[in-house]
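The values are calculated or read from the model by the stated rules, or taken from the named source; none is laboratory data. Since we're looking at a predicted model, the values are computed, not measured. Methodologically, a virtual Cβ is constructed for each residue, glycine included, from the backbone with ideal geometry; neighbour enumeration extends over all protein chains shown. Ligands, DNA and RNA are stripped out before the accessible areas are found, and what is left, the full protein with its side chains, is counted by its heavy atoms. Shrake-Rupley method; radii C 1.70, N 1.55, O 1.52, S 1.80 Å.
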Amino acid sequence: MREEPVFKIKTGSLSVLQLHILTTNLSDLKRELSVRLAQTPDFFVSTPIVLELSGIAELEQGLDFVNLVAFMQSHGMCAAGIVGGSVGQREDAIQAGLGIFPDVVVRNPMRRATDDPFSVTGAYVAVAPVAAPLQPELPGFETPAVSQVSSVSAKPMPTMVIDKPVRTGQRIYAEGANLVVLAIVNAGAELIADGDIHVYAPMRGKAIAGAQGNEAARIFVNSMEPELLSIAGCFKVFEDGVPENVSAKPACVHLDGSRLVIQPLNY
Amino acid sequence: MAKVIVVTSGKGGVGKTTTSASFSSGLAMRGNRTVVIDFDVGLRNLDLIMGCERRVVYDIINVINGEVSLKQALIKDKNCDNLYILPASQTRDKDALNLEGVERILDELKESFDFIVCDSPAGIESGAFTAMYFADEALVVTNPEVSSVRDSDRILGILAAKSKRAVEGLEPVKEHLLVTRYDPKRVNTGAMLSVVDIQEILRIPLLGVIPESASVLQASNAGTPAIHLDKSDVAEAYRDVVGRFMGEDLPMRFISEKAGFFKRLLGGH
């Protein structure tokens, strides 16, 4: 008879509260937290909380995690681990028995580039980055916005190389990587990369770079004939054709604020 | 080693069955032992175009289900000695075609034939998928219009990703472009895509161009593959296609209305 397994290991995506730490001064932090917690004493009871350290990652000072965790426990808060922070801060956290979360990246909602004709004519209402707030409108309580992106782009990305035509209906996703395509990308095909996209052939389909929100991602194309271009969720369609100065020419795309800039590559 | 060739297009009505009939006839006329299989279960047409519809007793589904032997279901062509037809079923649905059964039939056919031509149904559903899955080479039939080219592009993508050769990491399916219903006059007026335009999008080697002709319809209705027509551009174009497929270096014909047109095509943009 086969025995039933006594446990299973699975990954799961759970939403957790993040406490963004913006100072290494523990007494300041504890004082302001006490004030904040006094407003909603029961809110954090038994709630796992991740300490988000990107705000202090650049600072030299460490943080007394043992002290902070004890303080949090005394208020019913349960520190589950940390995300972000400097190497030293991460080591301190491990010493204090905290878990280390990998840098979290929030996928950007797609939004139209502000220089797209539709946003000018008002035919489309811009969508602000939305995330369901866990607790509505409390002072000092921010809903998770799209951030922590710089830490992703800081790491060098591997490159996926495609040397065959990408045809209608095909989708290539370079997850956590740059994408280089050496053959034609036809209308109806989709290129998606978390990093940059290079196409050394005509690009007639959709190119979606910085798919996880990397605003520094770029798109380089040998012959610019796209259906759609997108960087970090900011997209542009070409109903009235591609601008004359780049159409069917070598061009580069980058994001300037919420504007997608397509520039000819002159060499 | 026998070769399995799928005639496919994505879009319907572009000339897959006409091409399958003429191409397989052309191969047989050159002395190759050839069989042509109709994969369009439920909408069988190949037997009509080959003029053997009254001789269909058993079909591919009967063979797959083991009800009859392959020999019993094969129909000898009335025009060519070396050509046999395996008809589709009119009454079954497409789900009756399964990959295991088709592979078994193809393996058996490979023992006695040089070329196995698979006439694919339109679309990208299971019937079309089954027809292309075992292909060694593919004739992609395209009309000179954007939707047909787009659908052919889709089919080429599926061939490159989901055929047996792709799945097993073997040498990829060899692709050939066949442009049918080509009318140089309408290409000149800009009403049709040119061969150059089509190749610019699909980027696979051109096997041939079949001109638009009323004789194709007459041949279909008469149950004679177009390649057998006398004094017909279409017949000559299909003979060229077969010649090129067999490795002959033949100039492209029937793509220009008058001299100098091709030059203009290549030069102008």
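Using just the helices of the protein assembly as shown, give the 222 nm mean residue ellipticity in deg cm²/dmol: DSSP H runs with n ≥ 4 each add -39,500 (n - 2.57), and the total is spread over all residues, rounded to 500.
Helix contribution divided over all residues of the protein assembly as shown: -8000 deg cm²/dmol.
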Checklist entry - What does the charge count near A:CYS252 come to, summing +1 for each Lys or Arg and -1 for each Asp or Glu among other residues with Cβ under 12 Å from its Cβ? => result +1
Item to check | Cross-link reach list, aspartates and glutamates versus B:LYS185, counting only Cα pairs under 13 Å and skipping chain neighbours closer than eight places | outcome: B:GLU212, B:GLU257
Next on the checklist: Per-residue counts of other Cβ atoms within 10 Å, averaged by peptide: what ranking do you get for A:39-47, B:123-131, highest first?
Outcome noted: B:123-131, A:39-47
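As a quick test, which of the pairs A:LYS164/B:LYS11; B:LYS110/B:LYS162; B:LYS76/B:LYS162; A:LYS164/B:LYS76; B:LYS16/B:LYS78 have an alpha carbon distance above 29 angstrom in this structure?
Violating the 29 Å limit, Cα to Cα: B:LYS76/B:LYS162; A:LYS164/B:LYS76.
Give a quick list of GluC sites (Glu not before Pro) in the range A:1-58 that DSSP marks as loop, anything other than H, G, I, E or B, with at most 11 other Cβ atoms within 10 Å. Spell out each step's value before the answer.
Working: sites: A:GLU3, A:GLU32, A:GLU52, A:GLU58; in loops: A:GLU3, A:GLU58.
Passing sites in the range A:1-58 are A:GLU3, A:GLU58.
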Checklist entry - Under 22 Å from the Cα of A:LYS236, which lysines turn up, not counting those fewer than eight places away in the same chain? => result A:LYS206, A:LYS249
Checklist entry - Peptide B:147-154: average number of partner chain Cβ atoms within 10 Å per residue? => result 4
Next on the checklist: With both bridge residues required to lie in the range A:153-264, what share of the DSSP beta bridges run antiparallel, to the nearest 5%?
Outcome noted: 35
Checklist entry - Over the protein assembly as shown, what is the percentage of antiparallel beta bridges among all DSSP beta bridges, to the nearest 5? => result 20
Item to check | Within 10 Å of each Cβ in A:163-176, the average number of Cβ atoms from other chains | outcome: 4
Checklist entry - Dipole of the protein assembly as shown, Cα-centred, from +1 at each Lys and Arg C-beta and -1 at each Asp and Glu C-beta, to the nearest 20 debye? => result 1160
Checklist entry - Got a number for carbon plus sulfur as a percent of the protein assembly as shown's accessible area, 1.4 Å probe? => result 52
Item to check | Set of lysines with alpha-carbon distance to A:LYS10 below 29 Å, sequence-local pairs under 8 removed | outcome: A:LYS155
Checklist entry - Can you give the mean number of other chain Cβ atoms that lie within 10 Å of the Cβ atoms in peptide B:155-166? => result 3
Checklist entry - Can you list the HN-Hα couplings for the range A:177-193, worked out from phi with the Karplus curve (6.51, -1.76, 1.60; θ = phi - 60°), rounded to whole Hz and with x for Gly and Pro? => result 8, 7, 10, 10, 10, 9, 9, 4, 10, 8, 3, x, 9, 10, 10, 10, 9
